[in-house]
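Read the structure below first, then the notes.
Please treat every number below as a calculation from the coordinates, not as lab data. Quantities reported herein were computed from a predicted structural model and do not represent experimental measurements. Backbone-built Cβ (ideal geometry, glycine too); neighbour counts: all protein chains shown.
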Amino acid sequence: MIINRTHIRRGWLLAAVLALFSAAFVVLPANAETVPFADCPAGQFCLYDGSGGTGTRVDVAEGAKAERDAGTILSVQNNTRMWACVYSRTEYGGGLQTVKPGNPDEYVTNGVRWTVASYKLVPTRALCFTGYERCSDSQVCTFAERNGRGAMTAFDDPPTGPTPHHSYGPEVPSASVFNRTGKHLCFYPNATYDGSWTDENTKTTYGAYVVLRGQSVTVPNPFAGTFRSHELVNGTSECQ
């Protein structure tokens, strides 16, 4: 019997090649899917106009803020050391979402979009719940929402000199107040620096609502939203 060694060699080579291909398919991993938010750089708060970290990305550094015109934001990744505070209204108003350092967040759930209108990055989560820091030194500031959040109106009242007076209409928000002046603050229900409030529960009448110098406060009923004028005084006994 004559053995064809050429055929044997070819068969051995073919078997070796097939073995190599098989090994390659076993060893080589399948193409991994893109990890959501993986493109967000370290030290940045990344804002995406698509859900799941997709679409156009905007990066902002620690301490950044946008009180309005935040743009279309459907998802975020917080790769900073700070807490991210995300609000549904401008000027830190409306609903609030907090994003822990190193975490992502999503603003489309079951096809429903949660509007992002403003945001800020702060050292502690507690600072997400207030907006008093916007009020500058020597100002009286009133806010549309509790805890210094929402639209702010600022009055530049110097702490020295003649007693400043301001009167205004109902468009000035006053759900909360920060008195950053060196004088005490007297609010009135009338534009003429007078008038009174009556607490329906206690039947107590108040001639002025007082905010002491350096104090911030969420205004309770029956005072909230009713201020029409204010003045700064050296002593609370000077309130009308």
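Under 18 Å Cα to Cα from Lys120, which lysines show up? Leave out anything in the same chain fewer than 8 places away.
Lys65, Lys100
Sorted from fewest to most neighbouring beta carbons within 10 Å, what does the list His184, His166 look like? Walk me through the numbers before you get to the answer.
Details: His184 21, His166 18.
In order of increasing Cβ crowding within 10 Å: His166, His184.
At 7 Å along the Cα-to-beta-carbon direction for both Glu238 and Lys203, put a label point, then send me their distance in nm to one decimal.
3.5
Just add up the charged neighbours of Gly63: K/R +1, D/E -1, any other residue whose Cβ is under 13 Å from the Cβ of Gly63.
Details: positive: Lys65, Arg81, Lys120; negative: Glu62, Glu133.
Around Gly63, the surrounding residues sum to +1.
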